[in-house]
Amino acid sequence: MEKFFKVNKYYFLLLLQLILPLFFSCDSFWEANYIQVKILTPYNNATVSDNIEIKIGAYSSQRLKKIELFIHETKVYTVLDIGTLPVSYLWNSNEYNSGNYRIKVIAYDDNDNSAQDECRIKLISINWEIENESGFHSPAIGMDGTIYVGSSDGNLYAINSSGRILWTVFIGSTVWAPSVGIDGTIYVGTDNQKLYAFYPNGTIKWEVSTMWWIRSTPAISNNGTIYFGSNDKKVYAVSPQGEKLWVFQTLGTVINSPAIGHDGVIYIGSEDNKLYAINPDGTLKWDFITEGRVSSPIIGNDETIYFGSEDYKLYSLNPDGTKRWEYQAGGALYSPSMDQDGTLYIGCRDRTLYAITQTGYLKWVVSTSGIVNSVPAIGNDGMVYFCSDDKTLYAISADGQKKWEVYIEGVSSPAISSDGFIIVGGKNLFAIRCSSTLANSPWPMLNHDLRHSSQAN
């Protein structure tokens, strides 16, 4: 009886939606050619994904001749033989980019009278998802499109562009964000105090030990030298064959990633509140002190260095280590990215993403419900993608407008693949179709590029 009531309640409400307007307009009620159509699902402003059932209700005083369905002005479905109402259409949205869409329906009767209705939705087009209770860190992508990602479950994963796991290597402690060499070698730091080098098939090439955790993503120079920091307060240079070339001592743990300048100088921050510039031979070029721990730096086309600090400031330095400008934010700042016109995008502990001009002036801010420590990825169409500790992925236009957002339990820094998917980690690893590929800009994402080389240009 309860089920019968629920079913009939649905059709009763549908009947009210379609018929009640007649009683509030006497002219319409007695009009011989009255027609009405209504999109029943999805609801206006709904967030949807995967296969979406579009339900359409209609009423006409004449025989209904046809109903047409449009998505963004493109006709996708026509019903000519209208029998039982409501009409349903199953939309495979995985063929569409994530974004805002308009759904429109038009109904016609035998006299060619028509009525229409429309709704707007936010589409999140998830191509594939890999589950992992331990979570994934920020992914790197090799030149052949293979995705490499570390996990707190102690594994390094290799995944193809279709979401199939090619191989895993169990290391036994947390595996952090990897980088990929030109020859396909994968370099990755772990909490077992070792940096590993793996061949593209997942077999080990070599390993290098330090005195503590290695959470710094290795940077790879043009000659193949690998640079990384360790929680033992040191910066290491290692040859492509796995030989230690030099060790540079700082006064604080080094968990962030280096950046390599056009001239081969290595820039890296330490928890001793300093940014270090280290010559390729391992000698100190200069250091710059702040009042808080320093994030991973980035480098502009003119060799200007940019980085955030826990002293609430974004810094811009000349190549000789002198300060060009600083910007005061509302909380500790993390590592920025840079678009083609030099705009810097940087997350903050005040739950905000800042857009700052290349000369140090605020363009706009976007607020979230969590700390923004994700490095934004910038699309070739100007879109900016980032995660917040509210476990939401945000898509922001170049003028600071929120285009869409989706709760995915994602907190990593995203990558944008060459075939137009956002690859982002968190509790699971997602591939989300978007309108972008990676921008051709001075520093468009975490660690500069899809391989995480951290090499300027």
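The numbers here are math on the coordinates, done by the rules we state, and not lab data. Note that this is a predicted model, so its numbers are computed, not measured. No Cβ is skipped: glycine too gets one built from the backbone with ideal geometry, and neighbour counts run over all protein chains shown.
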TODO: Using R₀ = 51 Å, calculate the FRET efficiency as 1/(1 + (r/R₀)^6) where r is the Cβ-Cβ separation of residue 45 and residue 289; round to 0.05.
DONE: 0.55
Task: Rounded, prolate or oblate (a/c below 1.5 giving rounded, otherwise prolate when a/b exceeds b/c) for segment 169-327 by Cα gyration tensor - done: prolate
- [ ] Measure out, as a whole number of angstrom, how far apart the alpha-carbon centroids of segment 52-114 and segment 314-368 sit.
- [x] 47
Open item on the list: For a protection proxy built on the mean count of beta-carbon atoms within 10 angstrom, sort 345-355, 69-79 highest first, please.
Closed with: 345-355, 69-79
TODO: Let me have the relative contact order for segment 126-433, percent, based on Cα pairs under 8 Å that are six or more residues apart.
DONE: 12
- [ ] List, in order, the whole-Hz ³J(HN,Hα) value for each residue of segment 415-422 obtained from phi through the Karplus relation with A = 6.51, B = -1.76, C = 1.60 and θ = phi - 60°; use x for Gly and Pro.
- [x] 10, 10, 6, 5, 9, x, 10, 7
Task: Global form of segment 218-275, assessed from the alpha-carbon gyration tensor, a/c cut-off 1.5 - done: oblate
Open item on the list: Students often check this: by mean Cβ neighbours within 10 Å, which of 52-64, 160-172 ranks highest, and how do the rest follow?
Closed with: 52-64, 160-172
Open item on the list: Could you give me D for the chain, from Stokes-Einstein at 4 °C and 1.567 mPa s, where the hydrodynamic radius is the Kirkwood radius over C-alpha pairs? Units µm² s⁻¹, please.
Closed with: 53
Task: Inter-centroid distance (Cα atoms) of segment 405-438 relative to segment 233-264, Å - done: 29
Task: Set 75/403; 313/391; 55/104 screened for pairs whose C-alpha atoms are more than 19 Å apart - done: 75/403; 313/391
- [ ] Compute the distance in nm between two label points, each set 7 Å from the Cα along the Cα-to-Cβ direction, one at residue 164 and one at residue 134.
- [x] 2.4
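Report Rg(Cα)/(2.2 N^0.38 Å) for segment 124-186, keeping two decimals.
So the Cα radius of gyration is 1.09 times the expected 2.2 N^0.38 Å.
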TODO: Classify segment 168-261 as rounded, prolate or oblate from the Cα gyration tensor: take a ≥ b ≥ c as the square roots of its eigenvalues, call it rounded if a/c is under 1.5, otherwise prolate when a/b beats b/c and oblate if not.
DONE: oblate
Task: C-alpha long axis of helix 2-23 to longest principal axis of the chain, angle in ° - done: 70
Task: Among 298, 260, 220 - extreme Cα towards positive end, dipole of segment 212-321, charges at beta-carbon - done: 220
TODO: Determine which lysines satisfy two conditions relative to residue 244: a Cα distance under 25 Å, and not lying fewer than 8 residues away in the same chain.
DONE: 194, 205, 233, 234, 274, 285
